[in-house]
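Structure, as C-alpha coordinates:
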Amino acid sequence: MIRRMCLAGMNKKIISLILMFICTLALVACSTGTTNVSEGKSPKQMVEESFAKWYGLKSYDMDMIMNMKFSVGDEALDMSMTGKGVIFQNPMKMKMVMETTIPGMGQKMTIEQYAEQNAEKMAVYQNIENNWQKITFDDPAMMETMYMDPKDNLKLFMDHLISAEIIGEEKIDGKDALKIKLVASGDIFDQIFQESAGDMLGLGNGLISADVFSQIGDMVYTIWVDKNTLDTLKCQMDLSENMRNLGKALAEEPNMPAEVKDIFANAEIFMEYTILNPNNAQDFTIPEEAINAPEMELPAS
(Lines give C-alpha, C1' and ligand atoms only; values in the text may rest on other atoms or scores of the structure.)
Protein backbone atom coordinates (compact mmCIF):
# COMPACT_ATOMS: atom_id res chain seq x y z
CA MET A 1 0.00 0.00 0.00
CA ILE A 2 2.78 2.42 0.90
CA ARG A 3 4.61 1.75 -2.36
CA ARG A 4 1.44 2.32 -4.40
CA MET A 5 0.77 5.61 -2.60
CA CYS A 6 4.30 7.00 -2.74
CA LEU A 7 5.85 5.55 -5.86
CA ALA A 8 2.95 5.46 -8.28
CA GLY A 9 4.05 5.02 -11.85
CA MET A 10 7.55 3.77 -10.99
CA ASN A 11 8.41 0.17 -11.85
CA LYS A 12 10.55 -2.12 -9.73
CA LYS A 13 13.58 -1.77 -11.97
CA ILE A 14 13.68 2.02 -11.49
CA ILE A 15 13.12 1.74 -7.74
CA SER A 16 15.93 -0.79 -7.43
CA LEU A 17 18.29 1.41 -9.44
CA ILE A 18 17.57 4.51 -7.36
CA LEU A 19 17.98 2.68 -4.07
CA MET A 20 21.29 1.22 -5.22
CA PHE A 21 22.59 4.68 -6.14
CA ILE A 22 21.60 6.03 -2.72
CA CYS A 23 23.02 3.09 -0.76
CA THR A 24 26.34 3.17 -2.59
CA LEU A 25 26.67 6.94 -2.17
CA ALA A 26 25.92 6.65 1.53
CA LEU A 27 28.32 3.75 2.06
CA VAL A 28 31.22 5.51 0.37
CA ALA A 29 30.48 8.82 2.06
CA CYS A 30 30.27 7.24 5.50
CA SER A 31 33.51 5.32 4.93
CA THR A 32 35.72 8.41 4.85
CA GLY A 33 36.87 7.79 8.39
CA THR A 34 38.32 10.49 10.64
CA THR A 35 41.01 13.14 10.61
CA ASN A 36 44.11 13.04 12.82
CA VAL A 37 45.02 16.54 14.08
CA SER A 38 48.36 15.76 15.73
CA GLU A 39 50.73 18.69 15.80
CA GLY A 40 53.44 18.83 13.16
CA LYS A 41 51.78 16.54 10.63
CA SER A 42 50.48 17.41 7.22
CA PRO A 43 46.73 17.17 6.58
CA LYS A 44 47.30 14.12 4.40
CA GLN A 45 49.23 12.36 7.18
CA MET A 46 46.53 13.29 9.68
CA VAL A 47 43.76 11.87 7.54
CA GLU A 48 45.62 8.68 6.68
CA GLU A 49 46.60 7.87 10.28
CA SER A 50 43.17 8.44 11.74
CA PHE A 51 41.45 6.68 8.83
CA ALA A 52 43.51 3.63 9.71
CA LYS A 53 42.51 4.12 13.36
CA TRP A 54 38.85 4.13 12.36
CA TYR A 55 39.16 0.77 10.64
CA GLY A 56 41.16 -0.60 13.53
CA LEU A 57 38.07 -0.50 15.75
CA LYS A 58 36.56 -3.86 16.58
CA SER A 59 33.13 -2.36 17.22
CA TYR A 60 31.18 0.82 17.81
CA ASP A 61 27.63 2.16 18.23
CA MET A 62 26.14 4.74 15.92
CA ASP A 63 23.24 7.20 15.99
CA MET A 64 22.03 8.24 12.55
CA ILE A 65 19.86 10.94 11.02
CA MET A 66 19.11 10.69 7.30
CA ASN A 67 16.92 13.22 5.49
CA MET A 68 15.90 12.07 1.99
CA LYS A 69 13.39 13.93 -0.16
CA PHE A 70 12.50 13.22 -3.78
CA SER A 71 9.90 14.31 -6.31
CA VAL A 72 7.61 11.59 -7.62
CA GLY A 73 5.32 13.10 -10.24
CA ASP A 74 3.49 15.94 -8.52
CA GLU A 75 4.27 14.56 -5.07
CA ALA A 76 7.17 15.30 -2.74
CA LEU A 77 8.33 12.04 -1.20
CA ASP A 78 9.96 12.42 2.24
CA MET A 79 11.85 9.26 3.24
CA SER A 80 13.67 10.80 6.23
CA MET A 81 14.56 8.54 9.15
CA THR A 82 16.44 8.29 12.42
CA GLY A 83 18.23 5.20 13.65
CA LYS A 84 20.59 3.50 16.08
CA GLY A 85 23.17 0.96 15.02
CA VAL A 86 25.70 -1.53 16.36
CA ILE A 87 28.63 -2.32 14.06
CA PHE A 88 31.30 -4.99 14.40
CA GLN A 89 34.16 -5.07 11.89
CA ASN A 90 36.36 -7.84 10.46
CA PRO A 91 34.18 -9.80 9.96
CA MET A 92 31.34 -7.35 9.52
CA LYS A 93 28.16 -7.75 11.56
CA MET A 94 25.62 -4.96 11.87
CA LYS A 95 22.31 -4.19 13.58
CA MET A 96 20.29 -1.09 12.73
CA VAL A 97 16.89 -0.02 14.06
CA MET A 98 15.40 2.91 12.14
CA GLU A 99 12.19 4.90 12.46
CA THR A 100 10.53 6.80 9.64
CA THR A 101 7.21 8.50 9.01
CA ILE A 102 5.04 6.92 6.33
CA PRO A 103 4.66 9.58 3.59
CA GLY A 104 1.14 10.90 3.32
CA MET A 105 -0.09 9.15 6.44
CA GLY A 106 1.80 10.70 9.35
CA GLN A 107 2.31 7.31 10.98
CA LYS A 108 5.63 6.05 12.34
CA MET A 109 7.15 2.89 10.93
CA THR A 110 10.04 0.93 12.44
CA ILE A 111 12.56 -0.86 10.21
CA GLU A 112 14.88 -3.41 11.81
CA GLN A 113 17.91 -4.52 9.81
CA TYR A 114 20.77 -6.94 10.33
CA ALA A 115 23.75 -7.73 8.10
CA GLU A 116 26.43 -10.39 8.40
CA GLN A 117 29.40 -11.23 6.20
CA ASN A 118 31.67 -14.20 5.90
CA ALA A 119 34.29 -15.20 3.35
CA GLU A 120 31.74 -16.44 0.81
CA LYS A 121 28.65 -14.26 1.08
CA MET A 122 26.88 -11.39 2.77
CA ALA A 123 23.33 -11.64 4.11
CA VAL A 124 21.02 -8.70 4.85
CA TYR A 125 17.85 -9.21 6.90
CA GLN A 126 15.02 -6.70 7.19
CA ASN A 127 11.85 -6.55 9.26
CA ILE A 128 9.08 -4.10 8.32
CA GLU A 129 5.79 -4.33 10.21
CA ASN A 130 6.55 -7.87 11.43
CA ASN A 131 7.42 -9.07 7.93
CA TRP A 132 10.94 -10.53 7.72
CA GLN A 133 12.83 -10.79 4.45
CA LYS A 134 16.45 -11.52 3.59
CA ILE A 135 18.78 -10.93 0.66
CA THR A 136 21.93 -12.99 0.17
CA PHE A 137 24.76 -11.51 -1.87
CA ASP A 138 27.23 -14.08 -3.12
CA ASP A 139 28.51 -12.14 -6.14
CA PRO A 140 32.06 -10.89 -5.46
CA ALA A 141 31.49 -7.50 -7.12
CA MET A 142 28.33 -6.86 -5.12
CA MET A 143 30.00 -7.85 -1.86
CA GLU A 144 32.87 -5.49 -2.63
CA THR A 145 30.39 -2.67 -3.18
CA MET A 146 28.53 -3.34 0.06
CA TYR A 147 31.61 -3.70 2.23
CA MET A 148 35.11 -2.90 1.07
CA ASP A 149 38.26 -4.22 2.69
CA PRO A 150 39.61 -1.54 5.09
CA LYS A 151 43.04 -1.46 3.42
CA ASP A 152 41.46 -0.95 0.00
CA ASN A 153 39.09 1.67 1.36
CA LEU A 154 41.98 3.58 2.92
CA LYS A 155 43.91 3.65 -0.35
CA LEU A 156 40.79 4.61 -2.30
CA PHE A 157 40.08 7.58 -0.06
CA MET A 158 43.67 8.81 0.10
CA ASP A 159 44.03 8.62 -3.67
CA HIS A 160 41.06 10.97 -4.06
CA LEU A 161 41.55 13.33 -1.11
CA ILE A 162 41.67 16.97 -2.25
CA SER A 163 41.84 18.89 1.02
CA ALA A 164 41.49 18.68 4.81
CA GLU A 165 40.94 21.89 6.79
CA ILE A 166 40.18 22.65 10.45
CA ILE A 167 37.30 25.14 10.41
CA GLY A 168 36.45 25.45 14.11
CA GLU A 169 36.19 23.92 17.58
CA GLU A 170 33.05 22.73 19.37
CA LYS A 171 31.85 20.68 22.32
CA ILE A 172 30.37 17.34 21.30
CA ASP A 173 28.81 15.33 24.11
CA GLY A 174 30.99 17.21 26.59
CA LYS A 175 34.19 16.52 24.66
CA ASP A 176 36.50 19.08 23.05
CA ALA A 177 36.30 18.52 19.33
CA LEU A 178 37.87 19.99 16.22
CA LYS A 179 35.50 20.60 13.32
CA ILE A 180 37.17 19.54 10.09
CA LYS A 181 36.12 19.94 6.48
CA LEU A 182 37.19 17.26 4.00
CA VAL A 183 36.82 17.40 0.24
CA ALA A 184 37.19 14.24 -1.85
CA SER A 185 37.17 14.13 -5.64
CA GLY A 186 33.98 12.83 -7.21
CA ASP A 187 36.18 10.47 -9.23
CA ILE A 188 35.99 8.17 -6.22
CA PHE A 189 32.46 7.20 -7.26
CA ASP A 190 33.44 6.77 -10.88
CA GLN A 191 36.00 4.17 -9.80
CA ILE A 192 33.70 2.37 -7.38
CA PHE A 193 30.74 2.10 -9.73
CA GLN A 194 32.82 0.93 -12.67
CA GLU A 195 35.01 -1.55 -10.78
CA SER A 196 32.53 -2.90 -8.25
CA ALA A 197 28.93 -2.34 -9.26
CA GLY A 198 28.96 -1.36 -12.91
CA ASP A 199 27.40 -4.44 -14.43
CA MET A 200 24.66 -4.55 -11.82
CA LEU A 201 23.74 -0.89 -12.44
CA GLY A 202 23.66 -1.25 -16.19
CA LEU A 203 27.17 -0.48 -17.47
CA GLY A 204 27.44 -3.91 -18.99
CA ASN A 205 24.17 -3.84 -20.93
CA GLY A 206 24.13 -0.30 -22.29
CA LEU A 207 21.67 1.20 -19.80
CA ILE A 208 24.27 3.64 -18.45
CA SER A 209 27.42 4.93 -20.14
CA ALA A 210 30.74 4.62 -18.32
CA ASP A 211 31.28 8.35 -17.78
CA VAL A 212 28.01 9.07 -15.95
CA PHE A 213 29.46 8.73 -12.45
CA SER A 214 32.35 11.09 -13.16
CA GLN A 215 29.78 13.90 -13.26
CA ILE A 216 28.66 13.53 -9.63
CA GLY A 217 31.07 16.24 -8.44
CA ASP A 218 33.36 16.57 -5.43
CA MET A 219 32.13 15.32 -2.06
CA VAL A 220 32.23 17.59 1.00
CA TYR A 221 32.22 16.19 4.55
CA THR A 222 32.23 17.79 7.97
CA ILE A 223 33.77 15.74 10.77
CA TRP A 224 34.17 16.39 14.49
CA VAL A 225 37.25 14.78 16.08
CA ASP A 226 38.05 14.44 19.79
CA LYS A 227 41.14 16.60 20.46
CA ASN A 228 42.47 14.19 23.09
CA THR A 229 41.85 10.77 21.54
CA LEU A 230 41.44 11.57 17.82
CA ASP A 231 38.25 9.50 17.84
CA THR A 232 35.55 10.51 15.39
CA LEU A 233 32.60 11.94 17.33
CA LYS A 234 30.29 12.97 14.51
CA CYS A 235 30.24 13.36 10.74
CA GLN A 236 27.86 15.14 8.40
CA MET A 237 27.45 15.09 4.65
CA ASP A 238 25.03 16.80 2.29
CA LEU A 239 24.75 14.81 -0.93
CA SER A 240 21.91 16.87 -2.43
CA GLU A 241 24.00 18.58 -5.09
CA ASN A 242 25.75 15.34 -5.97
CA MET A 243 22.45 13.54 -6.46
CA ARG A 244 21.15 16.37 -8.66
CA ASN A 245 24.33 16.20 -10.73
CA LEU A 246 23.78 12.48 -11.10
CA GLY A 247 20.20 13.11 -12.17
CA LYS A 248 21.32 15.54 -14.86
CA ALA A 249 23.82 13.00 -16.17
CA LEU A 250 21.26 10.20 -16.17
CA ALA A 251 18.74 12.39 -17.98
CA GLU A 252 21.12 12.50 -20.95
CA GLU A 253 21.29 8.72 -21.16
CA PRO A 254 19.20 7.53 -24.14
CA ASN A 255 18.21 4.26 -22.47
CA MET A 256 17.38 5.70 -19.05
CA PRO A 257 13.66 5.83 -18.13
CA ALA A 258 12.27 9.38 -18.19
CA GLU A 259 10.99 9.13 -14.62
CA VAL A 260 14.54 9.18 -13.27
CA LYS A 261 15.14 12.81 -14.31
CA ASP A 262 12.21 14.08 -12.23
CA ILE A 263 13.15 11.99 -9.20
CA PHE A 264 16.68 13.39 -8.96
CA ALA A 265 15.96 16.93 -10.14
CA ASN A 266 15.06 18.25 -6.68
CA ALA A 267 16.60 15.52 -4.54
CA GLU A 268 17.74 16.36 -1.01
CA ILE A 269 19.95 13.93 0.91
CA PHE A 270 21.57 14.84 4.20
CA MET A 271 23.22 12.39 6.62
CA GLU A 272 24.61 12.74 10.12
CA TYR A 273 26.33 9.99 12.11
CA THR A 274 27.35 10.11 15.75
CA ILE A 275 29.91 7.48 16.76
CA LEU A 276 29.65 6.07 20.29
CA ASN A 277 31.36 3.43 22.46
CA PRO A 278 34.42 2.70 20.28
CA ASN A 279 35.56 -0.89 20.86
CA ASN A 280 32.85 -1.28 23.49
CA ALA A 281 29.65 -2.07 21.60
CA GLN A 282 27.41 -4.77 23.05
CA ASP A 283 27.25 -7.93 20.97
CA PHE A 284 23.93 -9.17 19.61
CA THR A 285 22.39 -12.27 18.07
CA ILE A 286 20.52 -12.20 14.77
CA PRO A 287 16.95 -13.46 15.42
CA GLU A 288 16.04 -16.93 14.18
CA GLU A 289 13.00 -15.53 12.37
CA ALA A 290 15.36 -13.32 10.36
CA ILE A 291 17.71 -16.16 9.45
CA ASN A 292 14.77 -18.35 8.40
CA ALA A 293 13.00 -15.59 6.46
CA PRO A 294 12.11 -16.08 2.79
CA GLU A 295 14.70 -14.95 0.28
CA MET A 296 13.86 -11.75 -1.58
CA GLU A 297 15.00 -11.62 -5.18
CA LEU A 298 16.47 -8.42 -6.59
CA PRO A 299 15.01 -7.22 -9.90
CA ALA A 300 17.13 -8.17 -12.87
CA SER A 301 19.23 -5.42 -14.47
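The values are calculated or read from the model by the stated rules, or taken from the named source; none is laboratory data. Computed from a predicted structure; not experimentally measured. All Cβ positions, glycine included, derive from the backbone under ideal geometry; neighbour counts span all protein chains shown. Protein only, heavy atoms only, side chains kept; ligands, DNA and RNA dropped before computing areas. Shrake-Rupley method; radii C 1.70, N 1.55, O 1.52, S 1.80 Å.
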Would you tell me the accessible area of ILE166, worked out with a 1.4 angstrom probe on the heavy atoms of the protein chains, in Å² to the nearest 10?
90
Using θ = phi - 60° and the Karplus curve 6.51 cos²θ - 1.76 cosθ + 1.60, what whole-Hz ³J(HN,Hα) does each residue of segment 214-225 get, with Gly and Pro shown as x?
6, 9, 5, x, 5, 9, 10, 10, 10, 10, 9, 10
Residue by residue through segment 242-248, the couplings from Karplus 6.51 cos²θ - 1.76 cosθ + 1.60 with θ = phi - 60°, in Hz, x for Gly and Pro, are 5, 5, 5, 4, 5, x, 4
Karplus 3J(HN,Hα) series, Hz, for segment 164-174 with 6.51 cos²θ - 1.76 cosθ + 1.60 (x for Gly, Pro)
9, 9, 6, 10, x, 10, 8, 9, 10, 6, x
Mind ranking 62-70, 278-286, 235-243, 125-133 by how tightly packed they are, going by the mean number of other C-beta atoms within 10 angstrom, highest first?
235-243, 62-70, 125-133, 278-286
